[in-house]
Amino acid sequence: MRALAWFLGLVAAALAAVALFAWPAWMLLHPHFDFPFHRIADRVGMLALLLGFLALARHLGLTDRASLGYGAPRHIFIREMVIALLLGIASMLAVVGFMASLGLLEWRAGSAGAHLAKLLVASALSGFAVAFIEETFLRGAMHTAIERESGTPAAVLFTALLYAATHFFAKFHIPPEQVNAHSGIDLLVGTLHAFAQPLAIADAFLALAAVGVVLGLVRAATGNIAACIGLHAGWVWVMLVTHGLAQPRAGAALGFLLSRFDGFVGWLVLAWTLLLAVPLWRFYAARNAAAGKSRIFCRR
């Protein structure tokens, strides 16, 4: 499990960089920019993760397109990503429909016209940015490294667990007037505090881990991350739009189906993800097999 250890070490190093360098970065930037401390700290962590990732990818031989999950020809990659995007949007809209039908959502007023258009565009951009970054790191490089060493099941499982865990980072905020030389460490401690009460986040963690497993199975079935990016972007897009248009209904009888973590990912999303897992895996396994036969026929 050396590959897994390397990637976990990289994440730990990025968190350590937040603890050490967030306050100096705040002192440098805050007099000129009105950025909150947690956002500056987040950028410090992302920069450390990027620099470490570039070095680690070279060390583990993951710098080629195939190892990063981009091995498919460009036109095929884009086609598969678009198909998966549509699947992701449709499947997440179904979840939102269930939430609405069960009376779990309360729709906000004033969600039309220019506001809705801006929300749709901003959510789409955020969805694709998140999908490209996370899928390249997790289902691209990390999956490849673990799969080479320990096999596909280990790659699917461990990338899914890390995917779930990272969603609980950067949820702790420090007001500007309370920022001091120890705030980087305080932010790190606060960020990791959610894991001190595992039962409080169990529903969200299990749902996110299940999503990670589904994406890992799709990656294993297709051999690249095109469909992973599309599915991921579609799911995030619909979630962000829903967050902008609605909120959990207070006092709903089935409110426990939505997590306290973000008011969305919880037991209902977990159940829906488990129902989707096998059909999606079979769809992409069959699609990949058909594409392989087509390539053989063309060569003949």
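FYI, it's all coordinate maths here, none of it is from the lab. Computed from a predicted structure; not experimentally measured. Virtual Cβ from ideal backbone geometry, glycine too; neighbours counted across all protein chains shown.
Go ahead and run the numbers for FRET between Arg39 and Ala66, Cβ-Cβ distance against an R0 of 41 Å, rounding to 0.05. Calculated transfer efficiency: 0.75.
For the chain, the membrane-span-like helices by this rule, meaning whole DSSP H stretches whose C-alpha atoms cover at least 20 Å of axis and whose Kyte-Doolittle mean is 1.0 or above, are 2-29, 74-101, 114-135, 152-166, 198-222, 226-245; this says nothing about an actual membrane. Apply the a/c threshold of 1.5 to the C-alpha gyration tensor of segment 41-190 and tell me whether it is rounded, prolate or oblate. Here segment 41-190 falls in the oblate category. Length available on full extension from Ala16 to Val278: 0.36 nm per residue minus the Cα-Cα distance, which gives 90.5 nm. Counting 0.36 nm for each residue step from Leu54 to Val189 and taking away their Cα separation leaves a gain of 45.9 nm. Specify the residue with the greatest mean-square fluctuation among Pro176, Pro73, Pro153, computed from a Gaussian network of the chain linking alpha-carbon atoms under 10 Å apart. Result for the chain, Cα springs under 10 Å: Pro73 fluctuates most. Legend: calculated FRET efficiency, Ala200 to Ala114, from the Cβ-Cβ distance at R0 = 45 Å, rounded to 0.05, equals 0.75.
Taking 0.36 nm per residue of separation and subtracting the current Cα-Cα distance, fully stretching the chain between Ala154 and Ala122 would add 8.0 nm. For the residue pair Leu47 and Ala129, what label-to-label distance in nm results when each label sits 7 Å from Cα along the Cα-to-beta-carbon direction? Between Leu47 and Ala129, the label points sit 1.7 nm apart. Counting neighbouring Cβ atoms within 10 Å and putting the fewest first, the residues Met27, Met81, Met46 line up as Met27, Met46, Met81.
The order of Glu134, Glu147, going from fewest to most other C-beta atoms within 10 Å of their C-beta, is Glu147, Glu134. From the P(r) of segment 110-222, can you give the percent of Cα pairs sitting at distances over 20 Å? The calculated P(r) of segment 110-222 puts 58 percent of pairs beyond 20 Å. Geometric descriptor of the chain, per residue, is 162 Å³ (volume of the convex hull of the Cα atoms).
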